[in-house]
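Inspection log for the structure reproduced underneath, given as structure tokens.
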Amino acid sequence: MKSKEKHSLQWYKMDLHLHTPASKDFQQAGVTYLDILQQARRCSLDIISFTDHNTVRGYRQMLEEIQQLELLENLERINADEQHRLSEYRRLFESMLILPGFEFTATFGFHILGVFSPQTDVRYLEHLLLDLNISADVLDSGETNVGASADVLTAYAAIRQAGGLVIAAHANSNHGVAMRGMSFGGQTRIAYTQDANLHALEVTDLDRRGQHTTARFFDGSKPEYSRPMRCIQASDAHRLERDPRNAKNLGLGERVTEIQLPDLSFEALHAVLSGNDFARTRPYRGSTTPFDHVLAARQEGPSIMQSFHESMAQRGGRLYGIIADVCAFANTNGGTLYVGVPANAKAKPVGVPDINQAVEQLKAELQRKITPPIEAQVDVLQTQSVSVIRVQVPPGSEPPYAIDDYKIYVRDDTETSLAVRDEIVQLVLRSHSPQIDILENVDAEGSGPLVASRVEPPRTGVEVIATEKRNNMLYHHVRDLRNGNIVRNVTRGSARKLWHYAITQVEDHIIEMDRLRWHGEIALIQVYKHGAKQHYDLAQRFNGDSRIYYGVTEDGIQDSTHAAWRELLGLDEEE
């Protein structure tokens, strides 16, 4: 049975996480596999996957039923009811892409979805589960509790090597690899959510906006989580319809992702989920309110990986500002910029006139002005009835990137600035040593690790770690808390933005540490607002030493290792 093919880009609705009676915790008696397919079609789904707990028995039994019906048809022994069932199966397989898969329970109870091509032999998937230490005696039981199975990273690699899509199931919820408050350390969480074998995170808050969403956390703007992760949603249905006694028990197709594909095939699905164009998946909101990717980006606002430009006119340096952002993104973590919209989500987008010509002009300017060449993708998106340009910039593999051969820009929070000497040195070192661990904290001389602390330092803001006076001029060593880089010999006159603020505070204000209200080893110095964001000056002391962190934002204290900071600032109480 082959899926129907379409030859132009089209939005399809998918639910890649649903259970059948083959899962031991399925909640409705008497439901058949045909019932599940019929319900999926009633919900207008185009792509579904059977993902029973640690088994592919449901998908196998469905295929066996179809094969038995086809055998009866060939033998001319099929009755009317059986013929109807077979016709229904054929109709549904023709109108939907129905995929085999499983929800694997890894070590410590983390759940991972493996989704495969319909051409994959089900027995091969059973062997894969056996290789992942699902014992033969529970292979068909649909149990969630399976004993000592394989670890998360081993499962990721095995599923991907077998040709499957690797999705972290309900990542921000129970048994999810990104759930807040779990006792495992930050490095483990980073590995589980940034692994190269992982295609996507399934989350339960995809349709929410704001600072505290899972998608925002994993958008690549945090140095320790520098790989932007595609987030999708699915029902995780254990029943056909929502449980009337518990609204959290969703029915099939009640939490859906739309995906833009050239045809309804596993190959097309795999290509999109393996790619970096995040505008080709979106939460389904119903036909009357389609998801607007550009508006959602504007609601999140500018960040270290996102910027907005109303115009690309050469007059006033607007085109140059776009090129500078592209250069800065390539030198930092990569990013996306939008042309034709203001950053303020409440302001009306203006669009780009003669947009096809503008796209070609922008491509030519980027190619002419930036060296070495950047593989930026320039395309057009629709938002609120106007066309805008989107430029997707990957992290550069050959930094430093420069405009006109000598102007090197970097991205710092929401600002693009010319790089200072030590930042350029760091870019050169990164080019020659791409595997340097940016998470390692080093001392003021850059020669060794800092003394360990019970509370991890923030991951945004700056720290002035040393000051010396030469020829009546103060020179400071500044640590960028995003990546641990240390920039030396920064003066008040040469410092920019947040660095200038921190140096001004150091030179003009003496902080009396004994007068701070300490909560264990940490304290709040002051709160101030810069733009729309709240910023914090924080202090920390241990082993007789004190450290001060200037301009910390909430983005820098999101990990479980920063829970003490969040409690100090009352951030979780606001959610």
Computed over the chain, the ratio Rg/Rh where both radii use C-alpha atoms and Rh is Kirkwood: 1.02
Three principal axis lengths of the stretch 1-116 [C-alpha, angstrom, descending]: 52, 38, 22
Square roots of five times the Cα gyration tensor eigenvalues for the stretch 10-291, Å: 31, 22, 17
Which of Val326, Pro372, Thr491, positive extreme of dipole for the chain (C-beta unit charges): Thr491
Order of Ser135, Ser303 under a 10 Å beta carbon neighbour criterion, fewest first: Ser135, Ser303
Per-pair calculated FRET efficiency, R0 = 25 Å: Gln194 and Gln534 via Cβ, rounded to 0.05: 0.40
Selection of trypsin sites (Lys or Arg not before Pro), the stretch 18-112, meeting DSSP coil and at most 10 other Cβ within 10 Å: Arg77
Size of charge dipole - the chain - debye, nearest 20, with Cβ of Lys, Arg +1 and Asp, Glu -1, no other charges: 1560 debye
Simple label model, 7 Å out from Cα along Cβ direction - Ala247 to Val386, nm: 3.7 nm
Positive-end residue of Ile259, Ile510, Phe278, charge dipole of the chain with Cβ unit charges: Ile510
For the chain, calculated [θ]222 nm from helices alone, where every DSSP H run of n ≥ 4 adds -39500 (n - 2.57): -8000 deg cm²/dmol
Packing-based ranking, highest mean first, of 123-133, 109-119, 238-248 given that Cβ atoms within 10 Å are counted: 109-119, 123-133, 238-248
Rounded, prolate or oblate (a/c below 1.5 giving rounded, otherwise prolate when a/b exceeds b/c) for the stretch 48-204 by Cα gyration tensor: prolate
Distance violations [Cα-Cα > 23 Å] among Lys369/Lys497; Lys497/Lys529; Lys24/Lys248; Lys13/Lys248; Lys346/Lys497: Lys369/Lys497; Lys346/Lys497
Cα extents of the stretch 437-574 along the three principal axes, largest first (Å): 49, 33, 30
Least to most buried among Arg479, Arg227 (fewest other Cβ within 10 Å first): Arg227, Arg479
DSSP beta bridge pairing in the stretch 10-291, given as percent antiparallel to the nearest 5: 55 percent
Cα centroid separation - the stretch 343-418 against the stretch 186-261, whole Å: 28 Å
Burial ordering of Ile408, Ile36, fewest other beta-carbon atoms within 10 Å first: Ile408, Ile36
Electrostatic dipole magnitude of the stretch 10-291 [Cβ: Lys, Arg +1; Asp, Glu -1; Cα centre; debye, to 20]: 1200 debye
Whole-Å semi-axes of the ellipsoid equivalent to the stretch 133-205 (Cα gyration tensor, √5λ, descending): 21, 16, 12
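None of the figures in this text is laboratory data; all of them are computed from the coordinates on show. Here the structure is a predicted model, which means the values were calculated and not measured. Counting neighbours? That spans all protein chains shown, and the Cβs are built from the backbone with ideal geometry, glycine included.
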